[in-house]
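Below: one structure in structure tokens.
The values are calculated or read from the model by the stated rules, or taken from the named source; none is laboratory data. Computed from a predicted structure; not experimentally measured. Virtual Cβ from ideal backbone geometry, glycine too; neighbours counted across all protein chains shown.
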Ligand SMILES: [Zn+2]
């Protein structure tokens, strides 16, 4: 029976994984359903584009740049090269509890998302009540994936809308993503920020539009001896089918995990914004379709016309969202000069370059933070 149950679980997961993976895919080789290492490959190409000391301006990817390199495994996340570091890091928002590192497969991760999150989302509106994994994929923290739960903060709209955003909502979602990039950057580069109590750190006016979404429930450890720090937010590792997590900050004098988590959160946000089922990138005059349609897997250099709410997609046919998370072609709009937005590889490379600058002795961290956010505002999350 055990074998039969496992087979059935695998079959269910294989069917449902596509619909619950709210992101460009992260890779695994799995007998039931292998997934493409899309984020890992983009990060690898981005790291390779940097020719120190110049900041990349255009990595000039060819249409098949990503398609020809992706694999159905997770090999790109291993190894000790700089490029491998960014490959592994860019998985973080899809796997914020590091379940893959604790031995779970992407199949198990998908099954957990499918199986647990429906229930977890009834546990309360706050992210800590739902768990970071479920809250980021379906809940108040969807902006980690360049999607949004519209329209207020914290979101109160219980009926997900499949309609494209109006200009005000689009602008607010974009602002929330920029504030998240700022939060993640500080976590990645600033030890004094990492050490702050989490509940204090989110009160900075720089995070005013995401503060509500980041605010935990009353039972959260905001004060006292066990106060949750910013570093702790990025430093969990959980075993499969369980929200029982190891606190990785306990043995992490080099702040490895928070640096990796913050770095990955920035890359993941940028990269997910090039999935057409997350953010419709369209030329002027072309109207975005509703959220429950099928999207092409095409990484375009067009402005964002709308961000979508994953909750309006997950009830539709399973490939509605997932098709756009498959390995993308680079759109011809990226070959134009000038272009409306950077391509996904250049956008990632420029973020990595700023993060690397921040590691240099005497770096002006606040100046680099503004540089990163201005890059994302002006060259990545361009709106029309
Ligand atoms: Zn994602």
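Going by the conditions given, is residue 208 in contact with a helix residue (DSSP H, G or I) (Cβ under 9 Å, 6 or more places away or on another chain) and surrounded by fewer than 20 Cβ atoms within 10 Å (Cβ to Cβ)?
Yes: the conditions hold for residue 208.
Is it true that some residue in the stretch 99-116 is over 18 Å from residue 47 (Cα atoms), within 15 Å of the ligand (Cβ to nearest atom) and in a loop (DSSP other than H, G, I, E, B)?
yes
Turning to a different aspect of this structure: Check whether at least one residue in the stretch 331-342 is surrounded by fewer than 16 Cβ atoms within 10 Å (Cβ to Cβ) and closer than 16 Å to residue 190 by Cβ, and report yes or no.
no
Considering every residue within the stretch 303-312, establish whether at least one is under 30 Å from residue 196 (Cβ atoms) and either modelled with pLDDT of 95 or more or touching a strand residue (DSSP E or B) at 6+ places or on another chain (Cβ under 7 Å) (or both).
So far as the stretch 303-312 goes, yes, one or more of its residues are under 30 Å from residue 196 (Cβ atoms) and either modelled with pLDDT of 95 or more or touching a strand residue (DSSP E or B) at 6+ places or on another chain (Cβ under 7 Å) (or both).
Select, from 225, 203, the only residue that is farther than 20 Å from residue 96 by Cα and modelled with pLDDT under 95.
On the way: 203 fails: modelled with pLDDT under 95.
Step by step, each of 225, 203 is checked, and only 225 is farther than 20 Å from residue 96 by Cα and modelled with pLDDT under 95.
All but one of (1) within 27 Å of residue 120 (Cβ to Cβ); (2) away from the ligand (no atom under 15 Å from the Cβ); (3) crowded, with 22+ Cβ neighbours inside 10 Å hold for residue 275; state the number of the condition that does not hold.
(2)
Right, residue 341: closer than 25 Å to residue 58 by Cα, within 16 Å of the ligand (Cβ to nearest atom) and at pLDDT 90 or above or not?
Against the criterion (closer than 25 Å to residue 58 by Cα, within 16 Å of the ligand (Cβ to nearest atom) and at pLDDT 90 or above), residue 341 does not qualify.
To continue, here is another question. Output the residues belonging to the stretch 285-301 that are under 18 Å from residue 335 (Cβ atoms) and touching a residue at least 60 places away in the same chain (Cβ under 8 Å).
The one that is under 18 Å from residue 335 (Cβ atoms) and touching a residue at least 60 places away in the same chain (Cβ under 8 Å): 299.
Within the stretch 337-384, work out how many residues are more than 12 Å from residue 301 (Cα to Cα) and part of a helix (DSSP H, G or I).
Quick first cut of the stretch 337-384, residues more than 12 Å from residue 301 (Cα to Cα) only: 348-378, 384.
Now narrow it down to the ones that are part of a helix (DSSP H, G or I): 348-357, 365-378.
Within the stretch 337-384, residues that are more than 12 Å from residue 301 (Cα to Cα) and part of a helix (DSSP H, G or I) number 24.
In the list 102, 28, which residue meets the criterion of being surrounded by fewer than 21 Cβ atoms within 10 Å (Cβ to Cβ), on the phi < 0 side of the Ramachandran plot and in contact with a strand residue (DSSP E or B) (Cβ under 6 Å, 6 or more places away or on another chain)?
On the way: 28 fails: surrounded by fewer than 21 Cβ atoms within 10 Å (Cβ to Cβ).
102 is the lone residue from the list that is surrounded by fewer than 21 Cβ atoms within 10 Å (Cβ to Cβ), on the phi < 0 side of the Ramachandran plot and in contact with a strand residue (DSSP E or B) (Cβ under 6 Å, 6 or more places away or on another chain).
Now a separate question. Please pick out the residue among 161, 169 that is over 23 Å from residue 217 (Cβ atoms), touching a helix residue (DSSP H, G or I) at 6+ places or on another chain (Cβ under 8 Å), modelled with pLDDT under 95 and more than 16 Å from the ligand (Cβ to nearest atom).
Just a single option satisfies the conditions, and that option is 161.
For the stretch 26-40, does any single residue satisfy the condition of being at pLDDT below 90, assigned to a helix (DSSP H, G or I) and under 16 Å from the mean Cα position of the chain (by Cα)?
no
Okay, next question. Tally up the residues in the stretch 76-98 that are within 18 Å of the chain's Cα centre (by Cα) and either part of a loop (DSSP other than H, G, I, E, B) or closer than 19 Å to residue 139 by Cα (or both), please.
Of the residues in the stretch 76-98, 9 are within 18 Å of the chain's Cα centre (by Cα) and either part of a loop (DSSP other than H, G, I, E, B) or closer than 19 Å to residue 139 by Cα (or both).
Checking residue 195 against (1) in contact (Cβ under 8 Å) with a residue 40 or more places away in the chain; (2) touching a helix residue (DSSP H, G or I) at 6+ places or on another chain (Cβ under 8 Å); (3) within 20 Å of residue 260 (Cβ to Cβ); (4) away from the ligand (no atom under 16 Å from the Cβ), only one condition comes out false. Which one?
The number of the failed condition is (1).
Quick one: how many residues across the stretch 72-107 are without any contact (Cβ under 8 Å) to a residue 60 or more places away in the chain and more than 21 Å from residue 349 (Cα to Cα)? Working first, answer last.
We begin by selecting, within the stretch 72-107, every residue without any contact (Cβ under 8 Å) to a residue 60 or more places away in the chain; these are 72-84, 87.
Filter once more, keeping what is more than 21 Å from residue 349 (Cα to Cα): 72-73.
Count: 2.
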